[in-house]
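The values are calculated or read from the model by the stated rules, or taken from the named source; none is laboratory data. The model shown is predicted, which means the values in this text are computed figures rather than measured ones. Neighbour counts are summed over all protein chains in view; Cβ atoms, including those assigned to glycine, are modelled from backbone coordinates with ideal geometry. Protein only, heavy atoms only, side chains kept; ligands, DNA and RNA dropped before computing areas. Shrake-Rupley method; radii C 1.70, N 1.55, O 1.52, S 1.80 Å.
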Amino acid sequence: MEFGFTAEQEAWRREIQDFLKDTPPEKYPTQSGEDSWGHGAFSYEFVRLLGQKGWISLTWPKKYGGSERPNLDLMMLFEELAWARVPWAAGAICWSMANMVLEMGSEELKQEFLPGIAKGETILWLAMSEPDAGSDLLALRTTAIEQDDCFLVNGQKVWSSLAHVSDYGFLFARTETDPKTPKWASISVLLLDKKLPGVTVQPMVSMLGDYFHTEVFMDNVRVPKKFLLGQKNQAVLHLNKTLEFDRFWARFPKPRFCQRITQDLVQYAKETRRDGVLLSQDPSVRAKLVDSAIEIEACRQVLWSIGWKMDKGMPLTYEASASKVLADDMGLRFFDRGMQILGPYAYAGDADKWASLRKNMRRWYLWTAGDSLAGGTSEIARNTVATAGLGLPRK
Amino acid sequence: MDFGLSEQQEMLKKTARDFFKTELPKTLVKEIAKDPKGYPPELWKKMADLGWVGLVLPEQYGGSGASFLDLTILMEEMGRACLPGPFFSTVVLGALTVMDLGTEEQKKAILPKVAKGEIVVTMAIAEPHAIYRSDFFEVEAKHVGHHYTISGTKLFVTDAHVADYIIVAAKTKGGATFFLVDAKSHGVSCKLLPAMAGERQCEVKFDGVKLTKADMLGGVNRATEYLDKVMQRAAAAKCSEMLGGAEQVLEISVQYAKDRIAFGKAIGSYQAIQHHCANMLNDIDGCRCVTRRAAWLVSEDLPCAMEVSLAKAWMGQACHRITCLGHEIHGAIAFQHDHDMHLYFKQAVVGEAFFGTSAYHGEVVAKELGL
Amino acid sequence: MDFRITPEEEAFRKEVKEFLDKELPKDWLGVDPDLYHEDAFDNIHEISVAMQLKLAGKGWLGLTWPKKYGGHEQPLWKQIILEEELTYRGSPGLDPYQFVGGMGDLLLDFGSEAQKQKYLPMMVRGEIKGATGMSEPNAGSDLANIQLKAELQGDYFILNGQKTWQSAAHKADLAPIYVRTDQSLAKHRGISIILVELKKTPGITMRPLEMMSGLKAFNEVFYDNVKVPKENLLGEINGGWKIVMAALSHERAYGVMLLINIRRDIDLLVEYCKETKDADGVPLSKNKLIRNRLADVAIQQEVARNMGFKLNHLALTGGNVVSTANAVKILGGITTQRVAQVGMQIMGLYGQLGPVGGNWRQMDPTKDKWARLNGRMKHLYLSTICNTIAAGTTEVARNAAAGALGLPREPKPAPKK
């Protein structure tokens, strides 16, 4: 057992921190949402910077331009970027899809796509959910019918994060429509070029007033056959892994991000008086900050332990779902406490030192409510923890 | 970063689990709960023979020289088994302190006997104000000539009534000092408190107990800062016991959910029950991580104030949630004394109360946060 | 809508309060309303029996029942006030199995004339204690699964089988026992209710069950060829399920009682915090965190209590109480557990100390020197665990609440072949 980092790992951490000091994320323009990790922000320029450093392809095989670094290094990178509130939402989402290309793609596809993804110049979006296929993904209706020279795609995707700033969709579609075929044996993944005729991307404005998610309509889109990932009708076998990546990696930085915000809140409490008393001396504010710090750290440790298990190649059953539930439950409580600490001043419009914290806290409070549903609802996730993790009967 | 156990730790865990499964059925645990002594001497002897009582003591004193971390792995199994008795007091509070602070003479007098399971040691810290801090001590060791005279009342002293030695943390001029007191000394009286679980806690009265400098452990005023270390070790070890208990609660609850039929189905098929189980598992994963990290840091003698307090605060609240859910899943049957669930429910209460509640440790975390 | 109290209500409440001031021992701290203390301790049971007779003497038992059966035909609001005051003071004597929507109401609704004439006047006079025989080892939430057999042979039913969780059974005179009279019908269609005079009927063996709080207030009850006159059948043979439904809906009072009872504990905690100083000499009541936590549970109790008012109003105006009673029961259970948790947090190390059952009279300081608040919080913590389980688990209750909202039920499993 060992809870420290090696000298090499600490050097890696310093390298990341130095980079962030030299290229402060705040200085880069964002194309979507406003500042901070994951909660909507995406900066094309910053993702390219990460690509230039070779950090997007950190864990890939050297053959495809990667550095074959272990998962733990990637986890450290994610945490440092989260702490610095780097706007790389799209980059994060890209990670899991890039790994699927590595795993499922033909040699041709790998050679065509991976270099661009590694540089941060090719951005993928996850085209998965549909109006009638959220938690019940197997109910999806978008079809991709094989023709002589292409797959003919018709359908609609919803909640496609950042499709409007992405290049290719990681499209889950039904390639077998015979009703006798079980649903799980009829779905494929295609890489969908957004520029193809028939593809329309429309904004979905979230309750934050942000433009992060999109609806994507596909009307007789002709996707060349070479963009089929892996074997036809076999995508569901790989589905679990994608979702695993999505759930785990998407949530992995969340505790560290929340720790950064906790630090900001501590500072805020030390500088703000209410009824003449410093908030930092108010027992109920202290309790909220302490409870947050404890829960966030416990959550963070569990996610590290899961990442470690993945790194060791240990078989995982429920861990991805657990990481989603833990991080999202934690987020709901944390941002609620954050709002309570700010109190009515959460809505104050003053242009002072804490204006950004206040404005963002309102956003994060709304966003975290959505997180609980994203990547599968927490209810379904809990079902998976119970059935896959504890062997309780499935329905 | 490595969350795994070593091969020896895995083996220690397995051996302990098998041992307690045969040697400590819950019927025995409940019998002992009624016995004022609070522990079965035959079982104590067996654990000593297995080398467990002396696990962390240096080999020269009859121990195995294992690490504190190894000890906590063993204590996870003790918590899982609801082991009653003075293991915690003797090893964590007593022997480890003597190991650190004792003179060679003191170590030779105490440690080999501890390893052989021949004596019980404990420590008296809290007083009626129920605070584990030396600046609040009223029990005083007055220096008169060549003697020190201790008077006052210590409370919540575990296993004092069966102890051979009680390490007393008393106020001295300029701080606090440890005294290694023979429990049979004139002026020492112990009375059992009406406590909750199998844990035996005492009121210990010191009525002009006469001691000399030779009875000091670590020298004058050494307890002032060493007490922090005792508290951290005790908190980490307590978390380990609680962790083992929590894991057992999850196991028996899941098994019950699979076995119990209502309305024609196993109750584990209903989503409400599945979510309870999932929530327990998620909580326990958090418990395991923070507890093991705290234990590792203590074991490595690294700075650990934040991590230990974080773990203890977390465990108190998490084990409350977990044991409540365990009861909820079991329904009425676990409300019976006959059932085992309440042993863990009560163990969680004792765990939260001892060596700093969540509120106490929360304050430590607050300070570490800079508040 | 009107939240004012009428002068009559105020006067009756005052009368009950003065009665309790006079009749309860001066140092009375209170017992819980679910009979656990009364049945577990003989000395409390004696006080309970005596109190029951005093209540009868005031004409307060069978308050709402027809005069024909010895009742007093008083308005329901008086019954409600009586229950509330006795519960808040933790007074024994008002048997929930008889009066708080229990056996008495069942007799009135379903009993034969002979049964009503026989038993109701005795209840009004305070001469008998009740119990109820519903649960079995495999019939808890799934009550329709009861197996205790009752075969009609000539003029008698012969009962064979086992009940469990019968609180008060070892002290009770009379109990409606839920039995299976027809094995061939679907589960809930073959159920009947038979009134059994527990003390007078041979063949009944009781095994006390110790609860995790240390109290022995429940029993396993074994029926071995027990002969009960057929006249003791309540309602129709195999018509028991509708009586079950009626009995469960009468449990309206359970949640409210839990809430009123726990108010006493909140008030005790507040007093404790005002009187107890921390290590710096400051009363605990000045600690903002403690204030917040006490305020939180007090608010929760008040909100639930108000739902209880609504429930009473529905009962008074003949409205459907079932789903509101369900909701109050859920909230009541959770609130009591929250209070116990906050109490333990405030007590810290002292929360562990105290005699079994806590003290219901001011403790003798020479005997219980260190048990603060009379060990009440420890007992509360250990006993409130069952409040989200007893009389229907919270999970099943929430399913029922969802059903009341119109949500679809979970699909039933296919019948086994």
*If you go through the range A:257-275 one residue at a time, do you hit one that is in a strand (DSSP E or B) and over 30 Å from A:ALA163 (Cβ atoms)?*
yes
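Listed residues A:LEU303, A:LEU279; which is surrounded by 20 or more Cβ atoms within 10 Å (Cβ to Cβ), within 11 Å of chain B (Cβ to nearest Cβ), touching a Lys or Arg at 6+ places or on another chain (Cβ under 8 Å) and farther than 19 Å from B:LEU310 by Cα?
Checking each option against the conditions leaves just A:LEU279.
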*In the range B:63-111, residue most open to solvent (accessible area, probe 1.4 Å) [restricted to those that are touching a strand residue (DSSP E or B) at 6+ places or on another chain (Cβ under 9 Å) and not in a helix (DSSP H, G or I)]*: B:THR103
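Let's see how each residue does on (1) open to solvent by 30 Å² or more (accessible area, probe 1.4 Å); (2) at positive phi; (3) of a type in the set (Gly, Ala, Ser):
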{"site": "A:GLU15", "(1), (2), (3)": "yes, no, no"}
{"site": "A:LYS21", "(1), (2), (3)": "yes, no, no"}
{"site": "A:GLN31", "(1), (2), (3)": "yes, no, no"}
{"site": "A:LEU50", "(1), (2), (3)": "no, no, no"}
{"site": "A:LYS53", "(1), (2), (3)": "yes, no, no"}
{"site": "A:LEU74", "(1), (2), (3)": "no, no, no"}
{"site": "A:ALA82", "(1), (2), (3)": "no, no, yes"}
*Say whether the condition of being of a type in the set (Ser, Thr, Tyr), over 30 Å from B:GLY198 (Cα atoms) and away from chain A (no Cβ under 14 Å) is met by at least one residue in the range C:294-317.*
yes
*Show the residue pairs that are 6+ apart or on different chains and have beta-carbon atoms under 9 Å apart, the first residue being within the range B:278-291 and under 24 Å from A:THR377 (Cα atoms) and at the interface with chain A (Cβ under 7 Å from one of its Cβ atoms), the second being outside any helix (DSSP H, G or I) and at pLDDT 95 or above.*
B:ALA278/A:LEU392
*Among the residues of the range A:163-174, which ones are out of contact with any Leu (no Cβ under 6 Å at 6 or more places or on another chain) and open to solvent by 10 Å² or more (accessible area, probe 1.4 Å)?*
A:HIS164, A:VAL165, A:ASP167, A:ARG174
_I want to confirm something. Restricting to the range A:177-187 and keeping residues that are touching a Lys or Arg at 6+ places or on another chain (Cβ under 9 Å) and open to solvent by less than 40 Å² (accessible area, probe 1.4 Å), which single residue is farthest from A:TYR365 (Cα to Cα)?_
A:SER186
_Given (1) without any contact (Cβ under 8 Å) to a residue 12 or more places away in the chain; (2) more than 11 Å from every other protein chain (Cβ to nearest Cβ), index of the condition A:MET204 fails_ = (1)
_I'd like the residue in the range B:137-166 that is of a type in the set (A, V, I, L, M, F, W, C) and open to solvent by 20 Å² or more (accessible area, probe 1.4 Å) and, out of all such residues, is farthest from B:GLN106 (Cα to Cα)._
B:VAL144
*Check whether at least one residue in the range B:112-135 is of a type in the set (Phe, Trp, Tyr) and not in a loop (DSSP other than H, G, I, E, B), and report yes or no.*
no
*What residue, of A:GLY343, A:GLY331, A:GLY370, A:GLY375, is in a helix (DSSP H, G or I) and either of a type in the set (D, E, K, R) or buried (at least 19 other Cβ atoms within 10 Å of the Cβ) (or both)?*
A:GLY331
*Which of the residues belonging to the range B:167-178 are crowded, with 24+ Cβ neighbours inside 10 Å and of a type outside the set (Val, Ile, Thr)?*
B:ALA169, B:ALA170, B:ALA176, B:PHE178
_Just the residues that are at the interface with another protein chain (Cβ under 7 Å from one of its Cβ atoms) and either open to solvent by 10 Å² or more (accessible area, probe 1.4 Å) or β-branched (Val, Ile, Thr) (or both), please, taken from the range B:335-348._
B:GLN336, B:HIS337
*So, in the range B:188-212, of the ones that are more than 23 Å from the chain's Cα centre (by Cα) and open to solvent by less than 20 Å² (accessible area, probe 1.4 Å), which residue ends up nearest to the other protein chains (Cβ to nearest Cβ)?*
B:PHE206
*asked:* Could you tell me how many of the residues in the range B:1-25 are touching a Leu at 6+ places or on another chain (Cβ under 9 Å), away from chain A (no Cβ under 14 Å) and either assigned to a loop (DSSP other than H, G, I, E, B) or open to solvent by 40 Å² or more (accessible area, probe 1.4 Å) (or both)?
replied: 3
*State whether the residues of the range A:235-253 include one that is closer than 18 Å to B:CYS289 by Cβ and within 13 Å of chain B (Cβ to nearest Cβ).*
yes
*Single unsatisfied condition, A:GLY349 versus (1) in a helix (DSSP H, G or I); (2) open to solvent by 60 Å² or more (accessible area, probe 1.4 Å)*: (1)
*Looking only at the range B:263-277, count how many residues are aliphatic (A, V, I, L, M) and either open to solvent by less than 10 Å² (accessible area, probe 1.4 Å) or at the interface with chain A (Cβ under 9 Å from one of its Cβ atoms) (or both).*
2
*Candidate set from the range A:292-328 (those that are outside any helix (DSSP H, G or I) and hydrophobic (A, V, I, L, M, F, W, C)); member that is modelled with the lowest pLDDT*: A:LEU316
_Checking A:LEU190 against (1) touching a Leu at 6+ places or on another chain (Cβ under 9 Å); (2) touching a residue at least 40 places away in the same chain (Cβ under 8 Å); (3) open to solvent by 20 Å² or more (accessible area, probe 1.4 Å), only one condition comes out false. Which one?_
(3)
*Assess whether C:LEU289 counts as being farther than 20 Å from C:GLY90 by Cα, in contact with a Pro (Cβ under 6 Å, 6 or more places away or on another chain) and assigned to a helix (DSSP H, G or I).*
yes
*Only residues that are in a helix (DSSP H, G or I) and either touching a Ser or Thr at 6+ places or on another chain (Cβ under 9 Å) or in contact (Cβ under 8 Å) with a residue 60 or more places away in the chain (or both): list them for the range C:126-148, please.*
C:LEU143, C:ALA144
*Selection from the range C:221-261 of residues that are in a helix (DSSP H, G or I), surrounded by fewer than 22 Cβ atoms within 10 Å (Cβ to Cβ) and charged (D, E, K, R)*: C:LYS230, C:GLU231, C:LYS242
*What helices (runs of 4 or more DSSP H), lying completely within the range C:27-125, carry at least 1 residues that are surrounded by fewer than 19 Cβ atoms within 10 Å (Cβ to Cβ) and touching a residue at least 60 places away in the same chain (Cβ under 8 Å)?*
C:42-57, C:76-88, C:103-110, C:113-124
*Tabulated pairs, the range B:349-371, first more than 8 Å from every other protein chain (Cβ to nearest Cβ) and within 22 Å of A:GLU271 (Cβ to Cβ), second open to solvent by 20 Å² or more (accessible area, probe 1.4 Å) and not in a loop (DSSP other than H, G, I, E, B), C-beta under 6 angstrom, 6+ apart or interchain*: B:GLU368/B:MET306
